[in-house]
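Q: The structure is given below, and queries will be raised subsequently.
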Amino acid sequence: GGTTRSVKSLSNLATDGDLLGDLAQRLRALNAALSAWNHPEEARDERYPSTAYHYLLTALNCGSRSNRRLDELRALTNVSMGAAPLLLVREFGNRFLPNPLSYALEPDLWAGQMVIAPFGYVHGDLNPGNILCRVDDPEEIFLIDFSRHEPRGPLFFDLAYLELELIVRRLHDQPGAEWKDLLDAVTADRLFAGAGGQSAQRPSRPYARCTYDDCVLPVREQVKALINAGKSAHGVAEQFEIAWWIAACAAGLVLTRREGWLGQPRQRLAFLYAAYALERALDLLGLLPGNTEYTHFDLTVQSMAPTRAVERAYAEAVLDDLEDFEFTYVDLAGTQAAVPLNAPTKRRSRLTVPRDRAPRVALPLTQLPEGTLTGARKPLENIRAAMRAEDRVLLLGEPGSGKTTTLLRLFYDYAQDLTGTPGALIPVFVPLARYRGQSADDFREFTRECLADFSPELAESFDWLWAHDRLVLLCDALNEMPRESQETLAGLQATLANVKHTAVSCRVKDFTNDDLKEAGRFAIVEIRDLTPPLMQAIITGYRYQRNADEAWVPLTEEQQDGLWVEELRGSDNLLAAWDVLRAAGHADAFWRDERPPGNILAWWDDNREEARRVMLSDPKGLMLLCRNPYMLFLVIEIYRVRGGLSGSRGALFADFVATLMEREGLAAISDDGTVTLTAAGKALNAALVRLAEVMQLQRGQTDITHDEALELLGGEAHLRLAAQCSLVYETSAAVRFSHQLVQEYFASQQMVADIDAGRLANTYWPPERWWERTGREQTALILAGVIGLAKAVAWLAPAQPELALDCVEEARGQGGMADSDLQALMIAGAHAKIGDPDNPVGCAAAYRVLGRLNADDRKGVGVIKRASIALPDIDWVEIPAGAFLMGSDKALDAQADDNELPQRHVKLPTFWITRYPVTYAQYEAFVAAGGYHERGYWTDAGWEWKGANTQPELCWNDPIWHISNHPVVGITWYEADAYTRWLNMVFGDSLRPIGTARMSGLEIRLPTEAEWEKAARGWDGRIYPYGNRFDTANGNTSATDIERTCAVGIFPEGASPYGLLDMSGNVWEWCLTHWRDSYTAPADNQAEGKARRVLRGGSWFSNQSSTRVAGRFWLMPLNRDVNLGFRVVVGSVPV
């Protein structure tokens, strides 16, 4: 063995010397089988691979060197190398078994296996290289290469090893024999028939029967004899059988490493042999669940590993198809959620609310990763690199943001890896729009077809690649996948749950939690808008082909300058302005027409500000539009061909289509940009509108069968013309538009026809569920650019006012205000949707429109102007002096927690509290007044925590949360306390916020815990503000399905006895009081310090237990989240 040499008597194998007294005699019976098989010439030529010892040690983490055979072994067994011993899991059949490599018997096993000598010695490595015959007397057997051993195991190892090697050796020696012939005959159950007392079964094929009869049965007889001998010796037969299966496992593993003469098909047979043997051993040891059925391997249908040549050919086909990606793709920036999708969570955490659950349905992922509750986002300069670093990724982005392009670039990257690295992952691009199956098997077969599109030869090895986790599935456009039934999504999820390497893309606003809830853990990456430097880099690096057979060429310098400077209004000063704002953490402020934050003015100058304002005030607003990669592509292409650009997105699509049709002689474009379609062009345009109407507006899908496309387009001629214009393309199975946005542009023309015909928008957004996304929203956004903003808003606002507002904001730039006439239309549309108690989600959407328009004029929601200062318009509610019942009684409230005990009467003086939580509009007044710069508003701990912040860090610039009439969220206790100190300053004696003269000893502050609870429940000890029974219609909780914050005060039936609203749900509310584990300890209401603070009321994220008025929670004062807010009181200075 090279390291250890020893021999031991067979008597050492058993505690009872008589148990194996005749073992040597029985073992000599094996010589007959050996002599007929192991010829001297073969014995002389047999040699172990020189690296076998080394690379098997390395596979067990006993070494670190690498070579070709080690790489092949890793690929075969899917073993990842590391510094620690392995305990991997591998799937066989329908169950999971431990990877046999992690159960290697002992290191010395790999130095030389123990062999049975006919002279009463145990050795361990029964193989052609160690069993020698004399040339002149083949029946005389010599054994070499002894090693250390442990009792019992080596004996049965040698028998099991001999059996398996006889099979594969006999197969190897038969010229012209197919390995599948043997595997067909000797399936896993037959392979082990006879061991452990099972009855042998004869395979049917003549060749396999010969091998079975001549090689397997003689060894089996000896195994059965040995096991039967143990039955009379202290009942240890089961131990012998266990030893046999452990030995069989080891034998299979040893043979697995003999690639030099077995080849991979036989290696697989040995590996399955080992896996099955291990399962049987674990079962006998009681380590498998009860009622376990043994795994059966139908080896006739198992595909084998592909050859290196087939893998290379596949990679080269992919690289050839995507050759331009190496120099045309520009790496995009993005964000990654700190907490992955479907990550396991604990029931109780300091950063999550007890008893709360995750949102269920229809919550866009842009809402999920933004706080500590759901994981903060970290910026990514290169999303491609970040995705390569993760095994499983969900890629989210807006339409045209580059999701498909990024997946295709990853397709290219993985193919490059495959050309140079044996065993590298094999990428499969899976367009989900084409998927029509329902079950997990259907999706797997669809993936096989996608692989076969590039290489039918590689697809023959699909099962092997799947079983060995060699595939990385790049699943594009989850939002385009037809949802013909719930089983379609369930089948996809069931498949992806068992895929180790995958990336799935989806439009961010179309993704809901249910889409992948059963598909396992995913890292969440979201594509960010293009930045000005990246836009310039794309323009500079842009390449195009004049003809398909010509080289790729860049834009001329004149074209680059004209597009960047004249059209997008770019300049060096603009880039400098971007760099300053980005470095200061205010990149979002670059795109808003407002004064830069005060903390960067030292690095600001008039030239930079002028460049930014020129860009923002440009009537075309192209740089704002070109933050979307696909829109930038359209802009470049139109400018390259026509030398000028239109403004809106709809107009750009019209120019783009006209340019493509002009190229094919279907349109003429005059010097002033007027487009005139020929008769053939008009017919093609009408046909494409019909096609888009069915695909986008009726079915909501992005591909269609060839036959249906021909019918809708009016024949083969139109299909050919559309393809020549690069407006559609065909696959072997379907027809689709060149981009979904192109499809949506043609669908918008059908909406134009609807408007002209007097059809209402509620055709597409039914009144009973008007707020829900229907897949037609992008079409409406393009429509606004096709027919004009005013006409589109007038059509949309009565049916879908929130979508109408989206059109306005896109046209005017984020945060821009609508014209008064348009605003009036949207306000009227929103008011018409308010007031339906059966639709709280719709009511919340309508109030959301009012908030985005700053048009919610209810008292206590917004601000009032006093001189030049905006002050919160607070609606104070008086809570009269007297006692109330505080805490819980478990006899009356089964959901009560120990920290709510004991229940008792508490007496409080009169105080005043705000009817609603503080809104964004009201907190904005504090920020605008310099609240983050005035030391006097902050406690010592708060000022230390604040640092250089000039506004809230979390969610402040996120339009999902920052809506004027919604409660401000993402606020720490320190910030909430500073706000109250500012209010004390601005509401002087003359302002009389509570309607009376300021009384001595009163102040504006956060409520104490007792004040909050009295205001919420009144005097009678009720469980909820509105009574003792939970009601989903009385507050924004997890049961309401709004699944985000909503405008304050929109659940009037949820009012407390004093008329306060949102005391159960919407946001948890900070209190002044320090946390205590029960009410037996005295309350501490001191403002200074870093102690834990109480939160009350539950949130949109909370269930009925957390939204009880007695429910309590705590966080550190520096914590913040998307479900934390506050309200304020006027009361006496607390003790």
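Here, each number is a calculation from the coordinates, and none is a lab measurement. Not measured: the values here are computed from a predicted model. All Cβ positions, even for glycine, are placed from backbone atoms using ideal geometry, and neighbour counts span all protein chains on display.
Q: Can you pull the Rg over Rh of the stretch 726-810, Cα-only, Kirkwood?
A: Using Cα coordinates only, the ratio equals 1.03.
Q: Evaluate E = 1/(1 + (r/R0)^6) for E449 and E381, where r is the Cβ-Cβ distance and R0 equals 35 Å; express this FRET efficiency to the nearest 0.05. All intermediate terms of the calculation are to be shown ahead of the outcome.
A: Numbers: r = 36 Å, r/R0 = 1.04.
So the FRET efficiency works out to roughly 0.45.
Q: Right, something else. Using label points projected 7 Å from each Cα along Cα→Cβ, tell me how many nm separate I864 and A832, to one decimal.
A: My value for the distance between the label points is 3.4 nm.
Q: Which of the peptides 930-939, 1093-1102 is most tightly packed, and how do the rest follow, judged by the mean count of other Cβ atoms within 10 Å per residue?
A: Highest-to-lowest ranking by the protection proxy: 1093-1102, 930-939.
Q: Further question on the same structure: Sketch the reach of a paramagnetic label on A928 as a point 7 Å from Cα along Cα-to-Cβ, and name the residues of the stretch 948-963 whose backbone nitrogen lies under 15 Å away.
A: Output list for this probe position: 963.
Q: If you don't mind, there's one more thing I want to ask. Using 0.36 nm times the number of residues separating M1116 and A1091, minus their current alpha carbon distance, what extension gain do you get? Working shown, then result.
A: Working: separation 25, 0.36 × 25 = 9.00 nm, distance 0.66 nm.
Net length gain for the segment: 8.3 nm.
Q: What does the charge count near V393 come to, summing +1 for each Lys or Arg and -1 for each Asp or Glu among other residues with Cβ under 13 Å from its Cβ?
A: +2
Q: What does the highest-first list of 326-334, 803-811 look like by mean Cβ count within 10 Å?
A: 803-811, 326-334
Q: Would you list the P(r) distribution for the stretch 830-888, with all Cα-Cα distances sorted into 10 Å bins from 0 and each bin expressed as a whole %?
A: So the P(r) values, bin by bin, are 18, 30, 25, 24, 4.
Q: For a 32 Å ceiling on Cα separation, which of these pairs sit above it: K859/K907; K403/K500; K833/K946?
A: In this structure, K833/K946 lie more than 32 Å apart at Cα.
Q: Return the distance in nm (one decimal) between the two label points of a simple spin-label model at R436 and E518, each offset 7 Å from Cα along Cα→Cβ.
A: A separation of 2.4 nm, rounded to one decimal place.
Q: At 7 Å along the Cα-to-beta-carbon direction for both A668 and E610, put a label point, then send me their distance in nm to one decimal.
A: 4.5 nm
Q: First select every other residue whose beta carbon is under 10 angstrom from the beta carbon of K500; then total the charges, Lys and Arg +1, Asp and Glu -1. Let's see the in-between values first.
A: Numbers: positive: R392, R470; negative: D391, D469.
Summing Lys and Arg as +1 and Asp and Glu as -1 gives 0.
Q: Highest first, please rank the peptides 902-909, 721-728 by the mean number of other Cβ atoms sitting within 10 Å of their residues.
A: Working: 902-909: 14.0, 721-728: 20.1.
Taking the mean over residues of other Cβ atoms within 10 Å, the ranking is 721-728, 902-909.
Q: Where in the stretch 376-479 are there GluC sites (Glu not before Pro) that are in a DSSP coil and have at most 12 other Cβ atoms within 10 angstrom of their Cβ?
A: The qualifying sites are E381.
Q: Taking 0.36 nm per residue of separation and subtracting the Cα-Cα distance, what length does fully extending N984 through D561 add?
A: Values: separation 423, 0.36 × 423 = 152.28 nm, distance 5.54 nm.
Net length gain for the segment: 146.7 nm.
Q: Counting only other residues whose beta carbon sits under 14 Å from that of A709, what net charge do I get with K and R as +1, D and E as -1?
A: -2
Q: Using +1 at the Cβ of each Lys and Arg and -1 at the Cβ of each Asp and Glu in the stretch 416-537, identify which of A497, I527, G420 lies farthest towards the dipole's positive end.
A: The listed residue farthest towards the positive side: I527.
Q: Using r as the Cβ-Cβ distance of K791 and E326, and R0 as 45 Å, what FRET efficiency do you calculate, to the nearest 0.05?
A: 0.50
Q: So if R0 is 35 Å, what FRET efficiency would D572 and V841 give, r being the distance between their Cβ atoms, rounded to the nearest 0.05?
A: 0.15
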